[in-house]
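Any read-out appearing in this document is the output of simple, stated calculations on the displayed coordinates, not a laboratory observation. In this text, all values refer to a predicted model and were calculated from it rather than measured experimentally. In this analysis, Cβ positions are derived from the backbone assuming ideal geometry, glycine residues included, and neighbour counts consider all displayed protein chains.
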Amino acid sequence: MHTDTRRIVITGVGLAAPNASNLQEYREKLLKGQSEITEIDLRYFGKAPAGICTFPETKYRKKKENKKGTRAGCIGVYCAHEALADAELDITGYDRAKIGVYIGLTEHGTVETENEVYNISQYEYNTAYWTHHHNPRTVLNNPAGEITLSLGITGPHYSIGAACAAGNASIIQAVQMMRLGEVDMALAGGISESTGSFGIFASFAAQNALGADEDPTRASKPFDKDRNGIVISEGGCIYVLEYLDKALERGAKIYGEIVGYAMNSDARDFVLPYGKRQAECMRLALERAGLEPTDIDLINTHATGTKQGDIEECKAVREVFANCSTTYVNNTKSIIGHAMGAAGVLELAGNLPSFEDNMIHPTINVDELDPECALDNLVINEAVEADSVKVILNNSFGMVGINSTVIVKKYEQS
Amino acid sequence: MKLFDAENEKPEPMGEGVTNYIAITKNLEKPMTSDEIKDLILEIIEDIDDEADFDSLNPDEPLRDQLDLDSMDFLDIVMELRKRHQLQIPEEDYPQLATLNSCVKYLEPLLKDA
């Protein structure tokens with residue numbers, strides 16, 4: 001084993017969001033603040049706002065394989081192929097045994113288990129009717145494994161369970177594995193199929209943390225005084241991560257360089273977030289990146305639209321970025337909902353084009369800003385143009401006290 | 001540990017996107033003919049793969065090779081026969097479901113007794 005400290009860059013992005021199936025369309029809609037959150041009707045639970053993706057499901061895999069696998073696998077296969085296409089990368093240029101697939105998940109198996117319990121309820125709960133597909137569908141590596149099956153990748157694949165910090169955690173895992181020399185290239189990202197589970201909706205509702213509004217596109221409203229909870233979305237986003245020299249060698253488009261990251265734990269409460277630890281997480285990522293808070297041009301917040309969660313993150317941001325007059329702050333969940341395991345990566349992806357156009361997409365649905373969330377330079381309702389965007393800090397936090405921060409820098413030839 | 005309380009919970013219509021598990025139990029009123037059994041098998045395979053091409057299917061050659069079915073697909077056929085006709089097919093009999101004609105030969109007496 002050797003340690004490879006070469007620089008690691010993002011060279012491809014594949015995504016399925018509730019309002020887009022590729023980065024360009026996604027970026028355009030984020031800049032316009034165009035939400036396509038809709039209302040769904042869930043078994044047992046009833047109606048709720050949710051983000052549903054409408055990507056071409058059979059573009060890279062037959063319908064038969066989609067039926068055999070999971071929704072998460074279907075999203076993952078689409079995103080992985082799209083990422084490679086976006087990177088203009090033929091994976092035969094790499095040793096397939098040295099490609100890693102790292103997929104962040106908030107949860108997995110919930111949807112499949114609920115469906116199967118319902119299935120056997122049609123047969124008087126006789127487990128002879130329980131599907132043989134249950135285990136391969138619910139093993140935690142399922143979405144990552146379905147990607148390797150589709151692409152013939154024989155390197156390592158696994159999922160990273162990190163609640164809603166999982167998207168960022170997958171990037172961190174991939175960077176670490178590349179620096180260890182375990183793999184030469186990685187497909188890293190996050191996936192959510194949570195909109196298929198009535199239990200996830202019911203549990204947030206029982207916590208009084210499920211967002212609602214007469215207009216589903218207005219249900220997700222982080223930082224607004226009347227915010228009332230989370231809007232659950234499905235989705236996925238996968239990055240191609242390559243060493244900088246390899247990317248330069250093949251003339252790849254470089255979206256940005258991963259220059260810093262951190263993860264830590266609140267060690268405090270099952271669900272309540274804790275700004276103090278979030279601030280520590282951001283500081284550690286900055287320290288590792290060798291950056292000062294004033295170097296950050298844009299903070300993409302995790303804020304989900306819950307009363308306390310948004311306030312805690314704002315406290316943390318205020319504490320770390322107290323004197324940063326040129327640091328903008330935005331939030332993507334207001335537009336796409338909370339894509340759970342995909343949230344961190346989808347939200348970062350939507351901001352990467354800022355390195356090119358210096359535009360900052362807005363946080364929408366803020367009618368009356370909560371004074372406790374009134375951060376300086378919070379971009380509200382309309383996109384703004386910054387003087388320049390060279391460094392983005394991306395936060396993702398999750399239940400049981402897990403925090404993650406990833407810092408991405410614009411690549412500029414020195 | 002019970003996940004659900006079977007006595008108090010009444011199944012309701014499935015939510016969107018849940019299509020893999022729909023099964024209709026058909027009680028036979030009369031014995032199935034061999035053609036009906038063939039249709040049944042092909043219908044089940046079509047549910048598994050709606051792009052399956054039956055045009056050049058040789059009824060005496062293995063279904064798996066001709067229709068690109070794997071072991072999980074094969075178990076889907078076994079499960080559908082259980083759901084639709086309450087047939088419990090023991091593992092040692094699986095080879096008898098290899099070809100379309102062997103399916104008919106094996107299932108005909110069983111479906112007569114159903």
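Distant-in-sequence amide contacts of A:I380, defined by a placed amide H-H separation under 5 Å and a gap of 5 or more residues or a different chain, comprise A:T363. For the peptide A:279-291, the mean number of other protein chain Cβ atoms found within 10 angstrom of a residue's Cβ is 0. Compared with the direct C-alpha span, the chain from A:D376 to A:A322 gains 18.5 nm at full extension, assuming 0.36 nm per residue. Taking packing as the residue-averaged number of other Cβ atoms within 10 angstrom, the listed peptides A:23-30, B:47-54 run from highest to lowest as A:23-30, B:47-54.
Report note on the peptides A:193-204, A:397-408: ranked by the mean count of other C-beta atoms within 10 Å, highest first, their order is A:397-408, A:193-204.
Cα centroids of the stretch B:61-78 and the stretch A:288-312: 52 Å apart. Legend: ranking of residues A:R218, A:R227, A:R250 from fewest to most surrounding C-beta atoms inside 10 Å; resulting order A:R250, A:R218, A:R227.
Each of B:D93 and A:V117 was given a label point 7 Å from its Cα along the Cα-to-Cβ line. The distance between the two points is 3.3 nm. Other protein chain C-beta atoms within 10 Å of residue C-beta, averaged over B:45-52: 2. Neighbour counting of Cβ atoms within 10 Å sorts the residues A:L284, B:L40, fewest neighbours leading, into A:L284, B:L40.
Among A:166-179, B:56-69, A:256-269, sorting by the average number of other beta carbon atoms lying within 10 angstrom of each residue, highest first, gives A:166-179, A:256-269, B:56-69. Counting Cβ atoms of other protein chains within 10 Å of each Cβ in A:116-123 and taking the mean gives 6. Here each label is just a point 7 Å from Cα along the line to Cβ, and for A:E214 and B:D68 those points are 5.1 nm apart.
The Kirkwood radius of chain A, taken over pairs of alpha-carbon atoms, gives through the Stokes-Einstein law at 10 °C and 1.306 mPa s a diffusion coefficient of 76 µm² s⁻¹.
When restricted to Cα atoms, the stretch B:34-112 yields an Rg and a Dmax of 11.4, 31 Å, respectively.
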